[in-house]
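A.B. asks: Here you go, one structure.
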Amino acid sequence: MIETSTQGKTEDISIPKLEKIASQVRRDILRMVHGAKSGHPGGSLGCADFMTALYFKIMDQSKDFKMEGKGEDMFFLSNGHISPLWYSVLAHAGYFDVSELSSFRKINSRLQGHPATEEGLPGIRVASGSLGQGLSVAVGAAQMKKLNQDDHKVFVLMGDGEIQEGQVWEAAIYAAHHKVDNLIASIDYNGQQIDGPVEEVMSLADLKAKWEAFGWIVIESNGNDMNDIVEKLEHAKSLTGQGKPIMNLMRTEMGYGVDFMCGTHKWHGAAPSDEQLEAALSQLEETLGDY
């Protein structure tokens, strides 16, 4: 077994160790969704490498969580349905006890199906059940940091189907116009949404050209390659302060890590059976110990 860090960036953590953390996070996701008999495993599995890199390598976090986020990097999850991923990463990063993961989607649990703030779960700054709102929130938080002369950064993750929402593009125009250059947004570009392939539901066409036309600096990354996602997020940080917000177009595969869940929208919001859970867990190394 390996040990994870408490809250705060661990700059010297190795890629192999990050990969081992991500493996445990994927196990947690599957067990949480199976235990609740509901939830969203597909996108959660696909973004496990990104979120692990963000919390254990990239972001500078305070040891004591505070809603206002002064003096630390901030993260907002816009596609809140991949909450089991976020909860697992937060727990292993020391925000709350890992044992609480067993309460996912249960009555009176702080770990609701979509992140919420009323129960005071550390790490959660805004409810994110309705899609399309996270970029607006992140832009506001980034502007707040500028007003407070806080040179830390704001990160936000969105889904590709989510950016069919018009509010996303309003926020994109606003961020570029106001030179919100301490903001790093990422899109989980897995090509799947709840009703099927994104290209069939509503094509996004040339996303890179779109974001560049809206005045953003655009980078592209492989969200299922830990080396690449760490390198590209570090590069994104180096691009801040240049008068433009940063967009990371991150290619992932829905269900990554479990062969029968890969590349299909059918696991967007479905829980595995007992047999499917056993088969899935057999493909993922237990590295931190199951809760």
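The values are calculated or read from the model by the stated rules, or taken from the named source; none is laboratory data. Keep in mind that what you see is a predicted model, and the values were worked out from it rather than measured. In this analysis, Cβ positions are derived from the backbone assuming ideal geometry, glycine residues included, and neighbour counts consider all displayed protein chains. Heads up: the accessible areas ignore ligands, DNA and RNA and are worked out on the full protein's heavy atoms, side chains in. Shrake-Rupley method; radii C 1.70, N 1.55, O 1.52, S 1.80 Å.
A.B. asks: Whole-Hz Karplus ³J(HN,Hα) for the range 41-46, in order, using 6.51 cos²θ - 1.76 cosθ + 1.60 and θ = phi - 60°, x for Gly and Pro?
C.D. replies: In residue order, the calculated couplings are x, x, x, 4, 5, x Hz.
A.B. asks: Could you work out the relative contact order of the chain, using alpha carbon pairs under 8 angstrom and six or more residues apart, expressed as a whole percent?
C.D. replies: Here the relative contact order equals 26 percent.
A.B. asks: Just one of (1) -0.22, -0.29, -1.14, -1.41; (2) -0.16, -0.23, -0.98, -1.32; (3) -0.17, -0.24, -1.08, -1.48 is log10 I(q)/I(0) by the Debye sum over Cα atoms at q = 0.06, 0.07, 0.14, 0.16 Å⁻¹ as worked out from the coordinates here. Which one is it?
C.D. replies: Derived directly from the coordinates: (2).
A.B. asks: Compute the signed sum of charges (Lys and Arg +1, Asp and Glu -1) over the other residues within less than 10 Å, Cβ to Cβ, of residue 62.
C.D. replies: Once all neighbours under 10 Å are counted, the net charge is -1.
A.B. asks: Skipping prolines and chain starts, which residues have an amide H placed within reach, meaning under 5 Å, of the one on residue 218, given they are 5 or more residues away or on another chain?
C.D. replies: 247
A.B. asks: Skip the ligands, DNA and RNA, and give the accessible area per residue of the chain with a 1.4 Å probe, whole Å².
C.D. replies: Spelled out: the 1.4 Å probe surface of the chain, per residue, equals 40 Å².
A.B. asks: Let me ask another. How do 72-85, 159-172, 261-274 rank on mean C-beta neighbours within 10 Å, highest first?
C.D. replies: My ranking of the peptides, most packed first, is 72-85, 159-172, 261-274.
A.B. asks: Bin all alpha-carbon pair distances of the range 213-291 at 5 Å intervals from 0 and give each bin's fraction as a whole percent.
C.D. replies: In whole percents, the pair-distance histogram is 3, 12, 16, 16, 15, 13, 10, 8, 5, 2, 0.
A.B. asks: Please give the contour-minus-distance gain from residue 282 to residue 12: 0.36 nm per residue of separation, less the Cα-Cα distance, rounded to one decimal in nm.
C.D. replies: Taking residue 282 through residue 12 to full extension adds about 94.2 nm, to one decimal.
A.B. asks: Return the FRET efficiency for the residue pair residue 270, residue 203: r is the Cβ-Cβ distance, R0 is 22 Å, and the value is rounded to the nearest 0.05.
C.D. replies: Once rounded, the FRET efficiency stands at 0.35.
A.B. asks: Moving on to the next point. Roughly speaking, what is the stretch gain from residue 210 to residue 234, that is 0.36 nm per residue apart minus the C-alpha to C-alpha distance, in nm to one decimal?
C.D. replies: Using 0.36 nm per residue and subtracting the Cα-Cα distance, I get 6.3 nm.
A.B. asks: On the accessible surface of the chain, probed at 1.4 Å, how many percent belong to carbon and sulfur atoms?
C.D. replies: Answer for the chain: carbon and sulfur cover 47 percent of the accessible area.
A.B. asks: Taking a label point 7 Å from the Cα of residue 99 along the Cα→Cβ vector, which residues of the range 256-291 have an amide N closer than 19 Å to it?
C.D. replies: What the label zone holds, given the 19 Å backbone N cut-off, is 288-291.
A.B. asks: Taking the Cβ of residue 48 as the centre, find all other residues whose Cβ is under 14 Å away and add up their charges (Lys, Arg: +1; Asp, Glu: -1).
C.D. replies: Once positives and negatives cancel, what remains is -2.
A.B. asks: Which of the lysines could a cross-linker span from residue 266 if the Cα-Cα distance has to be under 21 Å and same-chain partners fewer than 8 positions apart are dropped?
C.D. replies: The qualifying lysines are 37.
A.B. asks: OK, next. Pairs 208/237; 20/210; 63/145: which are spaced more than 28 Å apart, C-alpha to C-alpha?
C.D. replies: Pairs exceeding 28 Å: 20/210.
A.B. asks: Which of the aspartates and glutamates could a cross-linker bridge to residue 106, judged by Cα under 20 Å and excluding same-chain residues fewer than eight apart?
C.D. replies: Filter leaves 28, 97, 118, 119, 274, 290.
A.B. asks: So what is the 222 nm mean residue ellipticity for the chain from helices alone, if each DSSP H run of at least 4 adds -39500 (n - 2.57) and you divide by all residues, rounding to the nearest 500 deg cm²/dmol?
C.D. replies: Roughly -10500 deg cm²/dmol at 222 nm, from the helical runs in the chain.
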